[in-house]
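Worksheet: one structure, shown below.
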Amino acid sequence: PAVPAVKNAKWTHNDIDRFVLRKLEEAKLAPNGPADSRALIRRVYFDLIGMPPSPKEAEDFVKSASSNLNATLEKVVDRLLASPKYGERWGRHWLDVARFAESHGFEQDYNRNFAFHYRDFVIQALNADMPYDQFVKWQLAGDEFAPDNPLAMKATGFLGAGVFPTQLTEKEFESARYDELDDMITTIGVAFLGLSIGCARCHDHKYDPISTHEYYRFASCFTTTIRSELDLILPPSGELHKVQISSEGLPPIKHPADGRGYPHFYPQTHFLIRGDVSQKKGIAYPGFLKVLMRDDKQSDHWTQSPPPNWTRTAFHRTSLAKWLTDTESGAGHLVARVIVNRLWQHHFGRGIVTTPNDFGSQGARPTHPLLLDWLAQQLIHHNWRLKPIHKLIMLSNTYRQSSGFDQIRESKDPENR
């Protein structure tokens, strides 16, 4: 979208401000004044590393900012983005979305002793400013994209981070497997697409254009994907470590029902009537969501065949990842919008879309749709790197406003939209 013209151009520091000020001016509102330097430095520190500045760091900032606020603020933002604490702080935000846990859940809640490697991947990837499209691809299929890279292998822990029942009767084996597939699909939908794909498990989605047929085709991308524990040589020690990953063709992690023949997966995913494993209606083959396909493309457009002599996995997850990150014909345009909205959410307390996990028709409409589009475009322009978007947001005068209350503004805009 074109950057809008504004009347009070002197107030703007970058193009974010023009989008925000245009809305304010249309509503005959003015921005708040700037936050004082001490409040601003605390805001920046809490946002980026989750800790306050030391008294000396705060005093140094206040002194330097009095003569050159822009340069001083940019220097601090750059330094904190380069801090290892940045990945720890922002990793927590992502791990919440990814439903990360180091135990299986349910009543017994057995430990997952080697699941922490996925957490370490997230922190390391964020600190290195890994391109977000690569971040997405590796979590779905790092073992296929970069099988010789231990970090890529760790990334697949995303798929196995959900709850996992450990006390099963024989009658529950198959339904538990479909629950496991549903956990993967639902999390991918919420985390990357901001869509409640899981609603289509038992019936066509009531509000969004996602059919039950598409749900089971989506699920079949993971038909034989299971949790495994693999010995990997990890840097920097160069020592052998056991890592929980999610893949195919490897031994499953131990399960209390193994002695009773628990299969861990079934060779085919079926379409189920009302989600009932006793009502199968044909075999589902991998496919994606039609509503997020452009230019008359079909699912086979993104199909990736395994390389020569590769037999362990079928590259269905790689094909899915390619569709997810394709900004021209696939879902990439939505994936970009969802993640920049999450960045905005954690800097301002709520997103441009205030329902960050639901961009569907039941979610909130964006307050500034053109700004959301522009930020998504900036992300892609910066090769999907998140740190430049953080910096754009934090150097804007929009971010630097005080949080002071004003009765007149409140009466006109009570929700501060």
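Which length gain, in nm to one decimal place, applies between Gln407 and Lys254 when the Cα-Cα distance is subtracted from 0.36 nm times their residue separation?
49.0 nm
Would you rank Lys412, Lys171 by solvent-accessible area, highest first, keeping every protein chain in place and using a 1.4 Å probe?
Sorted by accessible area, descending: Lys171, Lys412.
Please list, in chain and number order, the residues 5+ apart from Ser103 or on another chain whose amide H is under 5 Å from its amide H, with Hs placed from the backbone.
Under 5 Å from the amide H of Ser103: Arg112.
Could you list which residues have their amide H under 5 Å from that of Ser247, counting only those 5 or more apart in sequence or on another chain, with H placed in the peptide plane?
Residues meeting the amide H criterion: Ile226, Ser228.
Any chance you could give the angle, 0 to 90 degrees and rounded to 10, that helix 116-127 forms with the longest Cα principal axis of the chain?
Around 30 degrees separate the two axes.
On average, how much accessible surface per residue is there in the chain, in Å², for a 1.4 Å probe, leaving out ligands, DNA and RNA?
Values: 19580 Å² over 417 residues.
That works out to 47 Å² for each residue.
Among all the lysines, which ones have a C-alpha under 25 Å from Lys23's C-alpha, if same-chain residues fewer than 8 places away are not counted?
Within the straight-line limit of under 25 Å, Lys23 reaches these lysines: Lys7, Lys10, Lys391, Lys412.
Suppose the chain between Ser103 and Asp15 were pulled fully straight at 0.36 nm per residue; how much longer would it get relative to their current alpha carbon spacing?
Contour length minus Cα-Cα distance gives 27.2 nm.
What number, in percent, do you get for the relative contact order of the chain if the mean sequence gap of Cα pairs under 8 Å and at least 6 apart is divided by its residue count? It would help to have the intermediate numbers written out before the result.
Numbers: 638 pairs, mean separation 78.0, N = 417.
Taking the mean separation of contacting Cα pairs over the length of the chain, I get 19 percent.
In the chain, what percentage of the DSSP-assigned beta bridges are antiparallel, given to the nearest 5?
Within the chain, antiparallel bridges account for around 100 percent of the total.
Just to be sure I understand, if you calculate P(r) over Cα pairs in 20 Å bins from 0, in percent for this structure, which of (1) 22, 40, 25, 11, 2; (2) 24, 52, 22, 2; (3) 27, 56, 16, 1 do you get?
Matching entry in (1) 22, 40, 25, 11, 2; (2) 24, 52, 22, 2; (3) 27, 56, 16, 1: (2).
Expressed as an acute angle from 0 to 90° and rounded to the nearest 10, what is the orientation of the C-alpha long axis of helix 332-348 relative to the principal long axis of the chain?
50 degrees
Near Lys171, which lysines are there with a Cα under 28 Å away, not counting those fewer than 8 places off in the same chain?
Those lysines meeting the cut-off are Lys254, Lys280, Lys281.
Let me check against my output: what whole-number percent is the relative contact order of the range 264-417, with C-alpha pairs under 8 Å and at least 6 apart? Kindly include the intermediate steps, with their values, before the conclusion.
On the way: 137 pairs, mean separation 17.8, N = 154.
After rounding, I find 12 percent.
Taking the chain as the reference, fit the longest principal axis to its C-alpha atoms, fit the long axis of helix 173-188 to the helix C-alpha atoms, and give the angle between the two in degrees, 0 to 90, nearest 10.
20 degrees
Compute, for the range 27-113, the length of the dipole vector about the Cα centre, with Cβ point charges of +1 (Lys, Arg) and -1 (Asp, Glu) only. Units Debye, rounded to 20.
Numbers: 13 positive and 12 negative charges, 63 e Å.
Once rounded to the nearest 20, the dipole reads 300 debye.
Before rounding to the nearest 500, sum -39500 (n - 2.57) across all DSSP H runs of length at least 4 in the chain and divide by the residue total; then give [θ] at 222 nm in deg cm²/dmol. Kindly include the intermediate steps, with their values, before the conclusion.
Working: 15 runs with 173 residues, N = 417.
For the chain, the value works out to -12500 deg cm²/dmol.
So what's the gap between the Cα centers of the range 69-84 and the range 18-34, to the nearest angstrom?
26 Å
The values are calculated or read from the model by the stated rules, or taken from the named source; none is laboratory data. Just so we're clear, the structure is a prediction, and the values are computed from it rather than from any experiment. Backbone-built Cβ (ideal geometry, glycine too); neighbour counts: all protein chains shown. Protein only, heavy atoms only, side chains kept; ligands, DNA and RNA dropped before computing areas. Shrake-Rupley method; radii C 1.70, N 1.55, O 1.52, S 1.80 Å.
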